[in-house]
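The values are calculated or read from the model by the stated rules, or taken from the named source; none is laboratory data. Model, not experiment: these values are computed from the prediction. Cβ atoms come from the backbone with ideal geometry, glycine included; neighbour counts cover every protein chain shown. For the accessible areas, the whole protein counts, side chains as well, though only heavy atoms, and no ligand, DNA or RNA atoms are used. Shrake-Rupley method; radii C 1.70, N 1.55, O 1.52, S 1.80 Å.
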Amino acid sequence: MEQSEVVSSLSSALDSQVYKDVDSFFLENLPYGLTYDDVSLATRYSDILPGDVRLDTSLSDRLHLSLPIISADMDTVTESQMAIAMALNGGLGLIHYNFSRREQVKEVARVKNHIHGLIQEPITVTPDLYVGDVLDMIAKRRFSFCTFPVVDDKGIFLGLLSSPVVRERYRSTEVRVAMTSRSEVFTIQEEELGDNPIGAADRFFTEHMGIHKLLVVDRDDRLRGLFTLSDIERINEEARATVRPARDVDFRLVCGAAVSATRTVSGDLDKENMIGHVAALVSERIDAVAVSTAHGYTLGVGQAVTMLRQEFPDLTIIAGNVTTAEGIEFLAAAGANAVKVGQGPGSICTTRIVAGVGIPQLTALYVASRAAAKRGVRIIADGGIAKSGDVVKALTLADAVICGGLLAGCRETPGNIIEIDGKLYNQYRGMGSLEAMRDGSAARYGHPSVSQEKGKFAAEGIEALKEVSGRVDNTLAQLVGGVQSGMGYLGAPTLPDLRRQARYIRITAAGQREALPHDVVEVKATQVSR
Ligand code: IMP
């Protein structure tokens with residue numbers, strides 16, 4: 001049965017009177033600014049299954065992602081581990097800039113040189129330690145593994161300390177005695193890995209049943225990495241699950257990094273410093289640079305983007321943040337490929353309270369999307385995403401979303417884990433919090449270095465905690481499942497279809513209550529094994 005044969009024009013007219021297309025909806029709801037929880041999407045005729053949905057997007061003509069999710073350039077969210085995990089899942093990580101230039105470039109190099117499945121900097125121990133020292137390190141740093149390569153002070157591989165001997169009863173045994181010696185451990189030369197390292201490791205484990213670790217060494221027997229059987233098995237599973245990593249033309253994982261529009265002591269844009277910084281990132285084959293500030297519609301950010309565009313014509317430049325059509329037009333004219341939209345929606349953000357400034361996020365995205373369409377730039381919804389439904393709503397207007405808080409509990413974030421009342425937490429803080437600004441991010445908020453000007457300006461972010469969740473893969477899988485489901489309801493197999501199909505309705509507080517589970521006692525499902 002064809003939809004067009006049975007649905008009358010009267011029904012279609014009624015639907016469009018109640019469930020509005022994007023322009024009618026946002027313009028008719030003025031003068032109010034709306035955010036994710038103010039709005040719900042109407043279902044549309046669908047002949048697709050959620051599994052058919054593709055989430056491909058691009059941030060420029062050169063930078064393509066298979067997942068429209070970016071991890072925030074925050075020092076409690078994105079360093080190399082998070083960026084690797086994001087790219088492996090098809091998205092992008094923006095390495096934060098509370099680093100020295102050298103450190104940030106090194107983080108980017110880690111992502112660009114990452115060989116999936118190869119642990120390139122395994123945690124090692126030295127032969128003079130005792131097994132007891134190793135046990136204490138495992139407990140302190142909460143390692144979930146207890147096999148360690150043993151190396152000398154020059155990095156030469158000496159043997160493997162394996163889990164059966166890392167036990168309380170061997171506490172007083174020296175590592176040099178407890179380890180399996182070099183001659184008994186399986187190794188492979190770095191150059192034997194060729195251009196398909198996973199294939200080489202997979203072949204090895206298939207041919208050596210019962211062996212779980214393969215060490216990689218260079219010609220001088222220096223340790224270069226470690227493959228584990230469980231990682232290789234997981235990768236094979238992922239390949240079957242059709243996750244498509246985001247890679248550049250040379251098959252390396254994609255990576256982005258944030259830079260700030262720094263100033264000289266006289267207050268001018270520090271051109272030399274910025275160009276030197278970005279040139280170093282470009283020499284590591286960075287895929288995108290984000291000029292990240294709280295207020296992107298400013299002289300300084302405009303000058304920074306113009307200068308970077310002139311110096312690096314092929315580089316994908318992201319700039320922001322803005323919430324107005326003028327702001328989009330300004331940054332597009334300066335040469336940005338994608339503009340970050342969001343002022344005040346972030347979970348750790350106090351800009352609206354402190355400065356009284358900011359726009360509810362969906363309205364900001366609407367305004368930005370109309371201007372972006374005219375100027376041919378992409379927009380990225382930055383901040384305030386708390387659940388997969390918010391991602392669906394954001395993607396009806398934006399090309400991608402940036403998540404901070406949603407990823408801040410994941411294992412791949414930097415920083416220490418804190419235990420409070422038996423629960424584990426990760427630190428999560430705004431880049432405009434005093435502590436983060438003290439560590440370097442003051443320029444993002446238009447301030448000079450905090451150490452120079454201590455206490456003279458107000459923080460626009462808080463320090464917080466997020467309960468530790470699992471791996472990024474799992475968090476993203478949950479998000480993707482929700483987004484695919486949303487797009488299935490709207491009959492939208494691709495993101496451009498989602499934008500075309502979106503019809504909105506405003507909801508009230510009662511509607512919001514109805515959207516959550518209500519009038520029941522929730523039971524958390526437990527797995528029953530028989
Ligand atoms: P979330 O995903 O809601 O946690 O928001 C993350 C976003 O908040 C980031 O990508 C930034 O755009 C923004 N942000 C980060 N730090 C601060 C801050 O200190 N104040 C205001 N906004 C911030």
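Test each condition in (1) within 15 Å of the ligand (Cβ to nearest atom); (2) surrounded by fewer than 24 Cβ atoms within 10 Å (Cβ to Cβ); (3) over 30 Å from Thr43 (Cα atoms) for Ile420 and report the one that comes out false.
So Ile420 meets the others, but not (1).
Tell me, which residue of the range 270-287 that is in contact with a strand residue (DSSP E or B) (Cβ under 7 Å, 6 or more places away or on another chain) and open to solvent by 20 Å² or more (accessible area, probe 1.4 Å) is modelled with the lowest pLDDT?
That would be Asp270.
Restricting attention to the range 323-358, report how many residues are open to solvent by 60 Å² or more (accessible area, probe 1.4 Å) and touching a Ser or Thr at 6+ places or on another chain (Cβ under 8 Å).
Result for the range 323-358: 1.
For Asp195, state whether it is open to solvent by 60 Å² or more (accessible area, probe 1.4 Å), touching a residue at least 60 places away in the same chain (Cβ under 8 Å) and not hydrophobic (A, V, I, L, M, F, W, C).
The answer is no for Asp195.
Quick one: which of Leu215, Leu158, Leu135 is open to solvent by 20 Å² or more (accessible area, probe 1.4 Å) and assigned to a strand (DSSP E or B)?
Residue meeting the stated conditions: Leu158.
Taking the range 364-383 on its own, how many of its residues are under 22 Å from Glu28 (Cβ atoms) and open to solvent by 30 Å² or more (accessible area, probe 1.4 Å)?
Count: 4.
Consider Glu311 carefully, then state whether it is within 20 Å of Asn98 (Cβ to Cβ) and either of a type in the set (Lys, Arg) or open to solvent by 20 Å² or more (accessible area, probe 1.4 Å) (or both).
Here the answer is no, as Glu311 does not meet what is asked.
For the range 1-117, which strands (runs of 3 or more DSSP E) that fit wholly inside it have 2 or more residues that are in contact (Cβ under 8 Å) with a residue 24 or more places away in the chain and open to solvent by less than 10 Å² (accessible area, probe 1.4 Å)?
In the range 1-117, the matching strands (runs of 3 or more DSSP E) lie at 69-71, 92-95.
Check whether at least one residue in the range 386-393 is over 17 Å from the mean Cα position of the chain (by Cα), on the phi < 0 side of the Ramachandran plot and within 15 Å of the ligand (Cβ to nearest atom), and report yes or no.
Scanning the range 386-393, I find at least one residue that is over 17 Å from the mean Cα position of the chain (by Cα), on the phi < 0 side of the Ramachandran plot and within 15 Å of the ligand (Cβ to nearest atom), so the answer is yes.
What are the pairs, 6+ residues apart or on separate chains, where a residue within the range 428-457 that is at pLDDT below 65 and of a type in the set (Gly, Ala, Ser) has its Cβ under 7 Å from a residue that is open to solvent by less than 40 Å² (accessible area, probe 1.4 Å) and more than 8 Å from the ligand (Cβ to nearest atom)?
Ser449/Ala442
Looking only at the range 384-396, count every residue that is within 17 Å of Asn321 (Cβ to Cβ) and open to solvent by 10 Å² or more (accessible area, probe 1.4 Å) and tell me the total.
Within the range 384-396, residues that are within 17 Å of Asn321 (Cβ to Cβ) and open to solvent by 10 Å² or more (accessible area, probe 1.4 Å) number 2.
I'd like to check something: does the range 404-413 contain any residue that is open to solvent by 60 Å² or more (accessible area, probe 1.4 Å), at pLDDT below 95 and in a strand (DSSP E or B)?
Checking the range 404-413: not a single residue is open to solvent by 60 Å² or more (accessible area, probe 1.4 Å), at pLDDT below 95 and in a strand (DSSP E or B).
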